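Here, each number is a calculation from the coordinates, and none is a lab measurement. All values reported here derive from a predicted model rather than from experimental measurement. Glycine gets a Cβ as well: all are built from the backbone with ideal geometry, and neighbour counts include every protein chain shown.
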Amino acid sequence: MYSIAIDGPAGSGKGTVAKGLANKLNFLYVDTGAMYRATGLYFIKNNISLDDEKSINANLDKIDIKLKYKDNKTTVYLNQEDVSLEIRTEECSRAASKVGVYEKVRENLVRMQKEYAKTNNIVMEGRDIGTVVLPNANLKIYLTASCEERARRRYIEQKEKGLELTYEEVLKDIKERDYRDMHREISPLKQADDAILVDSTDMTIDEVINEILKYRKVRD
Ligand code: DC
């Protein structure tokens with residue numbers, strides 16, 4: 001099996017890049033952020049405080065998350081309900097980042113993620129893929145961009161969805177999320193020693209994909 005691990009902060013373009021790569025290579029695409037988002041959503045829906053680690057741990061076995069793939073689209077199911085759209089709100093991004101600090105939450109999801117890679121050629125994206133989930137990945141990319149550029153991309157995305165957020169609010173949110181994701185005790189976001197750094201600040205999605213495909217050839 002061949003695996004490509006893509007890690008990086010919010011708004012670096014890793015989702016679009018990973019999806020594009022998976023399509024080109026005919027590999028399975030796994031969005032691990034969607035799994036943390038669905039977990040966060042479960043606790044929001046059930047009025048369990050995201051600060052209450054004890055209650056969160058006690059309820060983890062009630063959460064069933066499935067990613068299904070059809071016609072190049074991922075559908076995310078939380079206890080058999082399609083939550084693909086619901087998990088894309090800013091509230092869910094924040095909840096995902098908050099529940100992602102807990103050891104038991106991560107153990108649960110990492111186990112599922114490792115399973116995908118056993119039986120599929122894969123492009124997996126997240127925060128800890130190259131460091132924890134797939135430490136032996138064939139190719140590891142750490143994709144980043146400046147804070148301001150990432151906020152600009154998120155702001156445009158949110159506006160297209162008709163959401164009323166200011167650029168400053170999006171920037172603040174991105175900075176907070178970066179801080180939490182990079183400073184948590186367990187599996188913080190960081191570049192793996194053997195990952196290639198790609199800065200997408202001044203690059204289009206296609207340029208990033210082509211650069212990664214070049215690395216793939218060089219490394220093989
Ligand atoms: O990739 P994303 O923005 O959809 O991820 C949402 C949050 O989930 C992110 O801020 C931190 C958490 N996450 C994580 O802790 N580990 C991962 N592998 C993926 C996401």
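I'd like to know which of 143, 130, 26 lies farthest towards the positive end of the charge dipole of the chain, counting +1 on Cβ of Lys and Arg and -1 on Cβ of Asp and Glu.
In the chain, that residue is 26.
Of 101, 209, 156, which is farthest along the charge dipole of the chain in the positive direction, counting Lys and Arg as +1 and Asp and Glu as -1 at C-beta?
209
Once label points are set 7 Å from the Cα along Cα→Cβ at both residue 61 and residue 46, what is their separation, rounded to one decimal in nm?
Label at residue 61, label at residue 46, 1.2 nm between them.
Taking the Cα centre of segment 39-117 as origin, work out the dipole magnitude from +1 charges on Lys and Arg Cβ and -1 charges on Asp and Glu Cβ, in debye rounded to 20.
Working: 14 positive and 14 negative charges, 48 e Å.
So the dipole magnitude of segment 39-117 works out to roughly 240 debye.
So for segment 1-108, averaging the separation of alpha carbon pairs under 8 Å that are six or more residues apart and normalising by length, what relative contact order in percent results?
The value is 26 percent.
Given only helices, namely DSSP H runs of n ≥ 4 each adding -39500 (n - 2.57), what is the per-residue ellipticity at 222 nm of the chain, to the nearest 500 deg cm²/dmol?
On the way: 8 runs with 106 residues, N = 220.
The helix contribution divided over the chain gives -15500 deg cm²/dmol.
Count the net charge of all other residues whose Cβ sits under 15 Å from the Cβ of residue 191, scoring Lys and Arg as +1 and Asp and Glu as -1. Display every interim value, and only then the final one.
Values: positive: 14, 127, 140, 190; negative: 7, 125, 128, 178, 181, 193, 194, 199.
Within the 15 Å Cβ shell, the charges total -4.
Connecting C-alpha atoms closer than 10 Å in a GNM of the chain, tell me which of 93, 187, 49 has the biggest fluctuation.
Among 93, 187, 49, the largest mean-square fluctuation in the Gaussian network model of the chain belongs to 49.
Restricting everything to alpha-carbon atoms, can you work out Rg to Rh for the chain with a Kirkwood hydrodynamic radius? Write down the numbers at each step before the final one.
Details: Rg = 16.6 Å, Rh = 17.6 Å.
Ratio of gyration radius to Kirkwood radius: 0.94.
Which pairs break 24 Å Cα to Cα here: 45/104; 14/140; 24/104?
Working: 45/104 20 Å; 14/140 12 Å; 24/104 35 Å.
In this structure, 24/104 exceed 24 Å between Cα atoms.
Would you work out if segment 27-151 is rounded, prolate or oblate? Take a ≥ b ≥ c from the square roots of the eigenvalues of the alpha-carbon gyration tensor; rounded if a/c is under 1.5, else prolate when a/b is larger than b/c, oblate otherwise. Walk me through the intermediate numbers first.
On the way: a/c = 1.44, a/b = 1.32, b/c = 1.09.
Because its axes are fairly even, with a/c under 1.5, segment 27-151 counts as rounded.
For the charge dipole of segment 1-124, defined by +1 on Lys and Arg C-beta atoms and -1 on Asp and Glu C-beta atoms about the Cα centroid, which residue among 3, 110, 78 has the Cα displaced farthest towards the positive pole?
After comparing all options, I get 3.
When a/c reaches 1.5 or more, the comparison of a/b and b/c decides; with that in mind, is segment 104-220 rounded, prolate or oblate per its Cα gyration tensor? Don't skip to the end; give the middle numbers.
Numbers: a/c = 1.95, a/b = 1.33, b/c = 1.46.
Oblate.
Considering only DSSP beta bridges where both residues belong to the chain, give the percentage that are antiparallel (nearest 5).
If I count the DSSP bridges inside the chain, around 30 percent turn out antiparallel.
Treat every Asp and Glu Cβ in the chain as -1 and every Lys and Arg Cβ as +1, leave all other atoms uncharged, and give the resulting dipole magnitude about the Cα centre to the nearest 20 debye. If you can, show how the numbers build up before the last one.
On the way: 37 positive and 38 negative charges, 121 e Å.
Magnitude of the dipole: close to 580 debye.
From Cα pairs below 8 angstrom and at least 6 apart in sequence, can you work out the relative contact order of segment 83-178, rounded to a whole percent?
Details: 35 pairs, mean separation 18.2, N = 96.
Reported relative contact order: 19 percent.
Where the centre of each part is set by its Cα atoms, how far does segment 135-163 sit from segment 182-220, in angstrom?
12 Å
Which order, highest average first, do 101-114, 202-215, 119-132 follow once you tally other Cβ atoms within 10 Å for each residue and take the mean per peptide?
119-132, 101-114, 202-215
Between residue 123 and residues 5 or more places away or on another chain, which pairs have amide H atoms under 5 Å apart, with H built 1.01 Å from N, and which residues are they?
For residue 123, whose amide H was placed from the backbone, the distant partners under 5 Å are 4, 28, 29, 30.
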